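Here's the structure, in structure tokens; my notes come after.
Each reported figure results from applying straightforward, stated rules to the coordinates on display, with no laboratory input. Here the structure is a predicted model, which means the values were calculated and not measured. Cβ sites come from the backbone with ideal geometry, for glycine too, and all protein chains shown count toward neighbours.
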Amino acid sequence: MVIYSFAINGVVGILIIIAAVQFFFYLFTSKINNQLQSANNWLHGFFSDSLNFLSFNTDAKPWPFNDKAEEPESAEEVDVVEVVSEEVNLDDNQPEQTTP
């Protein structure tokens, strides 16, 4: 736990540096750097997991001692909704309606 507390202290400094570099990158190019964003997301996840472990909110140990397999960041849970549509015939006297 002592090692994780020192690691959290170091991660906070790195996150601040990455945020500053990302700000300047966005300021001059109007685009975010995907590599910096990926590193920031990973460090933020490590910080969150470590803080939850240190504050006894969870018993799951953070990286590198966790047992769970890393899931790709692009994997998202998707809800599938099936919709049945009906074809409607318009009369000749009825004008076709359009949505604005």
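Some notes on this structure:
- The 3J(HN,Hα) values that the Karplus relation (6.51, -1.76, 1.60; θ = phi - 60°) gives for segment 36-45 are, in residue order, 5, 5, 5, 5, 4, 5, 5, 5, 5, x Hz. Gly and Pro appear as x.
- Extension gain, Gln37 back to Phe56 (0.36 nm per residue minus Cα-Cα distance, nm): 4.0 nm
- Packing-based exposure ordering (other Cβ within 10 Å, fewest first) of Tyr4, Tyr26: Tyr26, Tyr4
- Debye equation applied to the C-alpha atoms of segment 2-54, log10 I(q)/I(0) at 0.21, 0.26 Å⁻¹: -0.72, -0.94
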